[in-house]
Amino acid sequence: MIQNNAIGLFDSGIGGTSIWKEVHSLLPNENTIYLADSINAPYGLKTKEEIIALSCKNTELLLELNCKIIIVACNTATTNAIQELRAKYKVPFIGIEPAIKPAALQSKTQTIGILATKGTLNSELFHKSVANHPDVKIIEQIGHGLVQLIENGDINSPEMEELLKSYLTPMIEKNIDFLVLGCSHYPYLIPQIKKIIPEHVQIIDSGEAVAKQTLNILKQNNLLNNANEKSSQIFYTNSEPEVIETILNHQEKVIFKNF
Ligand code: DGL
C-alpha cells in the first residue's frame with residue numbers, strides 16, 4: 001500500500017534534520033527516509049543549474065526507495081529548484097521557504113532581519129516574497145561560513161560566535177524585532193543566537209509550518225500511513241555518519257551510502 005511508503009526528505013547535509021524533527025513529532029506513525037548530501041554541501045554557493053541537478057539526483061534516489069511524498073528540507077534547493085522538480089516528477093513535493101510573511105505581518109518596528117544562504121537570497125522566489133511586503137524593511141544577511149562550521153560539528157566554536165556576532169549586530173542596530181532563519185541548518189544555532197540578540201527579538205524558522213503542510217498534503221492525497229506498527233526512521237549520508245548522529249543526540253542510527 002502506497003500509504004505505508006516513507007516520506008522522503010533531503011538537504012545538502014544535516015540541517016534538514018531540524019525539519020525532520022518537526023515532521024516526526026507531528027507524524028510519529030510515518031516512515032521517513034532522510035538523505036544528507038553532505039559531500040556536496042554547501043548548496044548555497046552553487047549555481048541554480050548545479051542545485052537543480054543535485055536536487056534531481058536526491059529526488060531520484062528517494063523515488064527508487066518508493067517515497068510517497070518528498071520534503072525538500074533545504075531553503076536553497078526549494079527556492080532554486082522546486083519548480084523544476086514539480087514539473088519533472090509526479091510525486092507531491094513540500095518545499096521550505098524563509099518565513100518572511102509571518103515575520104513581516106507581525107513586526108512592530110516594520111524591520112525584520114533574514115539570515116540565509118547566498119543561493120536563497122539571490123533566488124527569484126525569494127525576491128518575489130520580499131516584493132509582497134513593500135512597507136517592511138528587510139535586512140538581508142548571507143550566513144557565509146555557518147553551514148560549513150555546522151557540517152564540521154563546530155556549532156559551539158569561538159569562530160561561530162564571532163561570525164554570528166558580525167552578522168547579527170548590524171541588524172540589531174537597525175532595530176529588527178524579528179529574525180528569520182532562512183536555512184534549515186540555522187535552527188541548531190538558536191542557543192548561540194539568543195546570547196547575541198536582545199530578548200524582544202523573535203526568531204522564526206519554517207519547521208513547524210512544513211510539518212503542518214505535510215500533514216495537510218498527506219490527508220488531501222489520502223496518503224496518511226494506516227499501518228499499525230512502529231514506524232521506521234532511516235538516515236543516509238554520503239559523508240561522516242557521526243556528525244548527524246551527534247546532532248540527533250544518538251537517538252537514530254545513520255548509514256553511510258554512496259549517492
Ligand atoms: N540547509 C540548506 C538551506 O536550508 C542549505 C545550506 C547549504 O548547503 O548552503 O538553505
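Each value in this text was obtained by applying a stated rule to the coordinates, not by laboratory testing. Everything numeric here is computed off the predicted structure, so don't read it as measured data. Reconstructed Cβ throughout: ideal geometry from the backbone, glycine too, with neighbour counts over all protein chains shown.
In this structure the amide hydrogen of Phe235, modeled in the peptide plane, comes within under 5 Å of the amide hydrogens of Tyr34, Ile255, none closer than 5 places in sequence on its chain.
Not counting the cut sites, what is the longest span of the chain without GluC sites (Glu not before Pro) that DSSP labels loop and that have at most 11 other Cβ atoms within 10 Å? Write out the running numbers ahead of the final one.
On the way: sites that count: Glu199, Glu229.
The segment 1-198 is the longest one with no such site.
Which trypsin sites (Lys or Arg not before Pro) in the range 94-175 sit in a loop by DSSP (not H, G, I, E or B) and have at most 16 other Cβ atoms within 10 Å of their own Cβ? If you can, show how the numbers build up before the last one.
Values: sites: Lys108, Lys118, Lys128, Lys137, Lys165, Lys174; in loops: Lys108, Lys174.
For trypsin sites (Lys or Arg not before Pro) across the range 94-175 that sit outside H, G, I, E and B with at most 16 neighbouring Cβ atoms in 10 Å, the list reads Lys108, Lys174.
Computed FRET efficiency, Cβ-Cβ of Ile2 and Asn175, R0 51 Å: what is it to the nearest 0.05?
0.50
Pick out the long, greasy-scoring helices in the chain: whole DSSP H runs spanning 15 Å or more along their own axis by Cα, mean Kyte-Doolittle at least 0.0.
What comes out of the filter, once short or polar helices are dropped, is 48-64.
Of the residues Asp154, Asp205, Asp177, which exhibits the maximal mean-square fluctuation in a Gaussian network model of the chain defined by a 10 Å Cα contact cut-off? Checking each option, the largest mean-square fluctuation is seen for Asp154. Note on Gln213 and Ala87: their simple-model spin labels are 2.0 nm apart, each label 7 Å out from Cα toward Cβ.
Taking a Cβ cut-off of under 14 Å around Ser107, the surrounding Lys, Arg, Asp and Glu residues balance to a net charge of +2, with basic ones at +1 and acidic ones at -1. Cα-based radius of gyration for the range 169-218, normalised by 2.2 N^0.38 Å, reads 1.36. Taking a sphere under 9 Å around the Cβ of Gly207 and counting the other residues whose Cβ falls inside, with K and R at +1 and D and E at -1, yields a net charge of -2. Counting every other Cβ atom within 10 Å of each residue's Cβ, Met171, Met1 order from fewest to most as Met1, Met171. Remark on the range 61-204: Rg and Dmax equal 16.2, 49 Å (Cα only). The loop-placed trypsin sites (Lys or Arg not before Pro) in the range 22-106, going by DSSP, that have at most 16 neighbouring Cβ atoms within 10 Å of their Cβ come out as Lys90. In loop segments of the range 193-259 as defined by DSSP, the trypsin sites (Lys or Arg not before Pro) with at most 14 further C-beta atoms inside 10 Å of their C-beta are Lys230, Lys253, Lys257.
Amide H to amide H distances under 5 Å link Ile204 with Leu179, Val180, Leu181, where only residues 5 or more positions off or on other chains count and H is placed in the peptide plane. Residue by residue, the range 245-251 carries 3J(HN,Hα) couplings of 4, 5, 5, 9, 6, 6, 8 Hz when phi is fed to the Karplus relation 6.51 cos²θ - 1.76 cosθ + 1.60 (θ = phi - 60°); x denotes Gly or Pro.
222 nm [θ] for the chain, helices only, -39500 (n - 2.57) per DSSP H run of 4+, per residue, to 500? It would help to have the intermediate numbers written out before the result.
Numbers: 11 runs with 110 residues, N = 259.
So the calculated ellipticity at 222 nm is -12500 deg cm²/dmol.
Which net charge results for the neighbourhood of Lys118, defined as the other residues with beta-carbon distances under 12 angstrom from its beta-carbon, given Lys and Arg at +1 and Asp and Glu at -1? For residues surrounding Lys118, the net value is +1.
In this structure the amide hydrogen of Lys137, modeled in the peptide plane, comes within under 5 Å of the amide hydrogens of Thr111, Ile112, none closer than 5 places in sequence on its chain.
Of Lys108/Lys219; Lys128/Lys257; Lys88/Lys212; Lys21/Lys46; Lys194/Lys257, which sit over 32 Å apart, Cα to Cα?
On the way: Lys108/Lys219 36 Å; Lys128/Lys257 37 Å; Lys88/Lys212 25 Å; Lys21/Lys46 27 Å; Lys194/Lys257 36 Å.
Among Lys108/Lys219; Lys128/Lys257; Lys88/Lys212; Lys21/Lys46; Lys194/Lys257, the Cα-Cα distance tops 32 Å for Lys108/Lys219; Lys128/Lys257; Lys194/Lys257.
Dividing the convex hull volume of the alpha-carbon atoms in the range 1-112 by its residue count gives 121 Å³ per residue.
Computed over the Cα atoms of the chain, what is the ratio Rg over Rh, Rh following Kirkwood? Could you put the intermediate results ahead of the total?
On the way: Rg = 17.8 Å, Rh = 18.5 Å.
Rg/Rh: 0.96.
Could you calculate the FRET efficiency of Ser166 with Lys137 from 1/(1 + (r/R0)^6), where r is the beta carbon distance between them and R0 is 30 Å, rounded to 0.05? Efficiency at R0 = 30 Å is approximately 0.90.
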